[in-house]
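The values are calculated or read from the model by the stated rules, or taken from the named source; none is laboratory data. Note that the structure is predicted; figures quoted are calculated from it, not measured. Note that each Cβ is placed from the backbone with ideal geometry, even for glycine, and that neighbours are counted across all protein chains shown. Ligands, DNA and RNA are excluded from the accessible area calculation, which covers all protein heavy atoms including side chains. Shrake-Rupley method; radii C 1.70, N 1.55, O 1.52, S 1.80 Å.
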Amino acid sequence: VGFYFSHLDWSHPDYAPIPPNHRTGATMKDIYNSWPDGPQNPHWQRFLAFHRSQLHELCANYGPLDLLWFDGDWQPGPEYWQMGDLRNQLQAWQPNVILNGRLAGHGDYVTPEQGLPIVPPAGPWEFCVTLNDSWGYQPQDHNYKSLRQIVRLFAECIGMGGNLLLDVGPKPDGTIPPEQIALLESLGAWIHQHEEAIYPTTAGLPAGLFYGASTLSQDRKTLYLFTFDRPWEEIAVKGIRNPVKRASILGSGRALKTYKRGGAPWVNVPGVLWLELPEAELDPNATVVKLEFDEPLDLYTGSGISIQAN
């Protein structure tokens, strides 16, 4: 059980003590800057009491909670919200609850949204993204991502060790738009076919070793390569010192030919591993190649050396 909760509340007169048609980020900032007593202003203290009471109601009336997913912690500043005290209070009310990162730095994980990180955030993280351009239902918004694009976002996210939060916008009657149902069911079918590469795996290769996403089994003896684009017969992986016990297509199980070129294995500098990938085995959304090793994955990530013994 999880609840979404917005800290800011423009409908509350003490949070937004100006007329609705004047409420913008700039005018709200001017209001808070004009309070000589800052967070001790009576308006704010009344709103903060209301805010805490709402959270107590959610924590007290609905049994054990797994997640509180917060939003809107950016205005006013952290000195107003007292998020450290709030975290302690929430854990007293719900000792096992997980708190997302929108608590001005006092959450359990961070939540980048819409733009996939280039570098994985530090610690646990979750990438939040919409199926189209809108978080809520917008009947005019038909700018849906393709299944291939969603699969790619998903694979790249888990390949960096993240979780994907994929937004659905229900219609006013609670039903899910058919376009969204189709995308979710198709994504589910693709995940089901490739679930070995997803549950339970960890982040795969560092950036630059493979031009795609990858995940790694928990014992580090199986590497899964997500290939998004049609290759010219082969795909390449750098940095792998291990001999490959078996390479195959996840799903069909078809064995793949592999070979290495270059490198200096006698000084632990591996060559490039090449894998033949037949056209007939390509998945239109993402092809997953399974590499199996006898020992945990041993990677070379150095900057290269002069080979003095040939």
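Residues that are under 26 Å from the mean Cα position of the chain (by Cα), of a type in the set (Gly, Ala, Ser) and crowded, with 16+ Cβ neighbours inside 10 Å do not occur anywhere in the range 253-270. Exactly one residue among Arg102, Arg87 is touching a residue at least 60 places away in the same chain (Cβ under 8 Å) and either part of a helix (DSSP H, G or I) or under 15 Å from Ser6 (Cα atoms) (or both), and that residue is Arg102. Pairs are defined by a Cβ separation below 6 Å, a sequence spacing of at least 6 or placement on different chains, a first member in the range 164-193 that is assigned to a helix (DSSP H, G or I), and a second member that is modelled with pLDDT under 95; the pairs so defined are Gln180/Val168; Gln193/Gly251. Does Ala155 satisfy the condition of being closer than 19 Å to Val289 by Cα and either touching a helix residue (DSSP H, G or I) at 6+ places or on another chain (Cβ under 9 Å) or hydroxyl-bearing (Ser, Thr, Tyr) (or both)? Yes. Quick one: would you say Thr202 is at pLDDT 95 or above, polar (S, T, N, Q), surrounded by fewer than 16 Cβ atoms within 10 Å (Cβ to Cβ) and not in a strand (DSSP E or B)? Against the criterion (at pLDDT 95 or above, polar (S, T, N, Q), surrounded by fewer than 16 Cβ atoms within 10 Å (Cβ to Cβ) and not in a strand (DSSP E or B)), Thr202 does not qualify.
The single condition from (1) farther than 22 Å from Trp190 by Cβ; (2) at pLDDT 95 or above that Asn285 fails is (1). The one condition from (1) open to solvent by 40 Å² or more (accessible area, probe 1.4 Å); (2) touching a residue at least 24 places away in the same chain (Cβ under 8 Å); (3) outside any loop (DSSP other than H, G, I, E, B) that Tyr224 does not meet is (1). On the basis of being more than 30 Å from Phe127 (Cβ to Cβ) and open to solvent by 30 Å² or more (accessible area, probe 1.4 Å), does Pro78 make the cut? Taking the combined requirement at face value, the residue does not satisfy it.
Number of residues in the range 22-45 that are at pLDDT 80 or above, exposed (fewer than 15 other Cβ atoms within 10 Å of the Cβ) and outside any loop (DSSP other than H, G, I, E, B): the value is 11.
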